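**Student:** Before we start, here is the structure in question, set down as structure tokens.
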Amino acid sequence: MSTSGKLTLITGPSGVGKGTLVNKLLKRHPKIWLSVSATTRSPRQGEQEGIQYFFHSRDRFDALVASGGLLEWAEFAGNCYGTPRKPVEERLAEGRPVLLEIELEGARQVRRSFPEGFQIFLAPPSFEELERRIRGRGTDSEEAIQRRLLRAQDELKAQAEFDAVVVNDNLDSALQQFERYMGIISRDFN
Ligand code: 5GP
């Protein structure tokens with residue numbers, strides 16, 4: 001693998017399938033280290049502290065921001081999300097390939113602090129398909145869904161800012177493109 005110490009970032013609208021793609025990538029390439037974000041959002045069913053997120057109160061999150069503990073942070077659909085700085089810097093120093101899965105505003109901040117990082121935008125085949133996926137997840141209120149859809153429209157307009165755009169119409173082909181962009185030569189692709 002020629003990705004040692006490199007930072008790759010994936011963004012894309014809520015519901016586009018970033019989580020599924022990233023999970024599959026990590027299973028195939030355990031060397032890749034995925035950053036665990038801090039958030040003020042409440043845990044969804046099955047989510048665990050320190051695995052999907054570090055779940056913080058707003059006060060605790062604000063204190064992290066004030067102390068410079070976050071590499072980037074943004075508000076998304078009424079909650080705050082941010083990337084803890086120290087673990088990212090440590091993994092990069094160890095030479096591990098680091099992956100961030102975050103939204104657009106955060107991606108823009110990381111672009112400024114890590115201009116050498118590679119940023120990938122994961123796009124849905126269409127807006128209608130995105131809405132179907134968000135609703136199909138069945139975990140969010142109608143209000144949260146509306147906020148996510150509104151935000152998705154803005155995010156889709158920003159595709160051209162990214163180093164690469166991958167359309168998630170087929171998971172295996174999206175994964176293959178992703179691996180290629182990360183510089184991973186996959187021997188066991190099926
Ligand atoms: P969800 O609530 O669906 O888990 O995440 C909502 C959005 O927040 C997703 O687009 C996700 O990529 C983004 N997100 C997750 N962690 C971070 C982070 O650390 N920073 C930023 N800026 N966005 C994040």
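**Student:** When you check Thr11 against the structure, is it buried (at least 19 other Cβ atoms within 10 Å of the Cβ), among the β-branched types (Val, Ile, Thr) and in contact with a Gly (Cβ under 8 Å, 6 or more places away or on another chain), yes or no?
**Tutor:** Values: buried (at least 19 other Cβ atoms within 10 Å of the Cβ): yes; among the β-branched types (Val, Ile, Thr): yes; in contact with a Gly (Cβ under 8 Å, 6 or more places away or on another chain): yes.
Answer is yes for this residue.
**Student:** Which pairs have Cβ atoms under 9 Å, sit 6 or more apart or on different chains, and link a residue in segment 29-53 that is away from the ligand (no atom under 14 Å from the Cβ) to one that is of a type in the set (Gly, Ala, Ser)?
**Tutor:** Close Cβ pairs satisfying both conditions: His29/Ser186; Lys31/Ser4.
**Student:** Could I ask something else about it? Which one is farthest from Val167 (Cα to Cα) among residues in segment 94-108 that are among the charged types (D, E, K, R) and away from the ligand (no atom under 14 Å from the Cβ)? Walk me through it before giving the result.
**Tutor:** First, pick out the residues of segment 94-108 that are among the charged types (D, E, K, R): 94, 96, 101, 103, 105, 108.
Those still in the list that are away from the ligand (no atom under 14 Å from the Cβ) too: 94, 96.
Numbers: Glu94: 32, Arg96: 27 Å.
Applying the filter and picking the extreme gives Glu94.
**Student:** Identify all residues within segment 27-58 that are in a loop (DSSP other than H, G, I, E, B), β-branched (Val, Ile, Thr) and within 18 Å of Arg148 (Cα to Cα); write none if there are none.
**Tutor:** Of segment 27-58, the ones in a loop (DSSP other than H, G, I, E, B) are 29-32, 35-36, 40-48, 50-52, 56-57.
From the residues that got through so far, the ones that are β-branched (Val, Ile, Thr) too are 32, 36, 40, 51.
Hit for segment 27-58 is Thr40, nothing else.
**Student:** Among the residues that make up segment 9-26, is at least one of them in a loop (DSSP other than H, G, I, E, B), within 14 Å of the ligand (Cβ to nearest atom), in contact with a helix residue (DSSP H, G or I) (Cβ under 9 Å, 6 or more places away or on another chain) and farther than 21 Å from Arg108 by Cβ? If you could, list the steps in order and put the result at the bottom.
**Tutor:** First, the residues of segment 9-26 that are in a loop (DSSP other than H, G, I, E, B): 12-17.
Applying the additional criterion that residues be within 14 Å of the ligand (Cβ to nearest atom) yields 12-17.
Adding the requirement that they be in contact with a helix residue (DSSP H, G or I) (Cβ under 9 Å, 6 or more places away or on another chain) leaves 12-17.
Filter again for farther than 21 Å from Arg108 by Cβ, leaving 17.
Yes, segment 9-26 contains a residue that is in a loop (DSSP other than H, G, I, E, B), within 14 Å of the ligand (Cβ to nearest atom), in contact with a helix residue (DSSP H, G or I) (Cβ under 9 Å, 6 or more places away or on another chain) and farther than 21 Å from Arg108 by Cβ.
**Student:** Given the structure, is Arg91 closer than 16 Å to Val22 by Cβ, charged (D, E, K, R), assigned to a helix (DSSP H, G or I) and more than 9 Å from the ligand (Cβ to nearest atom)?
**Tutor:** On the way: closer than 16 Å to Val22 by Cβ: yes; charged (D, E, K, R): yes; assigned to a helix (DSSP H, G or I): yes; more than 9 Å from the ligand (Cβ to nearest atom): yes.
Answer is yes for this residue.
**Student:** Then there is this: What are the residues in segment 64-88 that are within 8 Å of the ligand (Cβ to nearest atom) and not in a strand (DSSP E or B), if any?
**Tutor:** Correct list: Ala77 only.
**Student:** While we're on this one: Criterion first (over 30 Å from Ala66 (Cβ atoms), assigned to a strand (DSSP E or B) and in contact (Cβ under 8 Å) with a residue 60 or more places away in the chain) does Ile134 satisfy it?
**Tutor:** No, not satisfied.
**Student:** Name the residues in segment 24-51 that are under 25 Å from Val166 (Cα atoms) and more than 11 Å from the chain's Cα centre (by Cα), would you?
**Tutor:** Applying the first criterion (under 25 Å from Val166 (Cα atoms)) to segment 24-51 yields 24-37.
Listed by number, the residues that qualify are Lys24, Leu25, Leu26, Lys27, Arg28, His29, Pro30, Lys31, Ile32, Trp33.
**Student:** Considering each residue of segment 109-132, count those that are within 13 Å of the ligand (Cβ to nearest atom), over 17 Å from Val166 (Cα atoms) and buried (at least 16 other Cβ atoms within 10 Å of the Cβ), and give that number.
**Tutor:** Here the count works out to 3.
**Student:** Does Ser57 satisfy the criteria of being away from the ligand (no atom under 14 Å from the Cβ) and over 17 Å from the mean Cα position of the chain (by Cα)?
**Tutor:** Values: away from the ligand (no atom under 14 Å from the Cβ): yes; over 17 Å from the mean Cα position of the chain (by Cα): yes.
Considered against the rule, which asks whether it is away from the ligand (no atom under 14 Å from the Cβ) and over 17 Å from the mean Cα position of the chain (by Cα), Ser57 comes out as yes.
**Student:** Here's something else I'd like to know. Please determine, by comparing only the residues of segment 140-190 that are of a type in the set (S, T, N, Q) and surrounded by 12 or more Cβ atoms within 10 Å (Cβ to Cβ), which one is nearest to Arg28 (Cα to Cα). Steps first, answer last, please.
**Tutor:** Restricting attention to segment 140-190, the residues satisfying the condition of being of a type in the set (S, T, N, Q) are 141, 146, 153, 159, 168, 170, 173, 176-177, 186, 190.
Next cut, surrounded by 12 or more Cβ atoms within 10 Å (Cβ to Cβ) only: 146, 159, 168, 173, 176-177, 186.
On the way: Gln146: 34, Gln159: 27, Asn168: 18, Ser173: 14, Gln176: 11, Gln177: 14, Ser186: 9 Å.
In this case the residue turns out to be Ser186.
Bear in mind these aren't lab numbers, they're just calculated from the coordinates by the rules spelled out. The model shown is predicted, which means the values in this text are computed figures rather than measured ones. All Cβ positions, glycine included, derive from the backbone under ideal geometry; neighbour counts span all protein chains shown.
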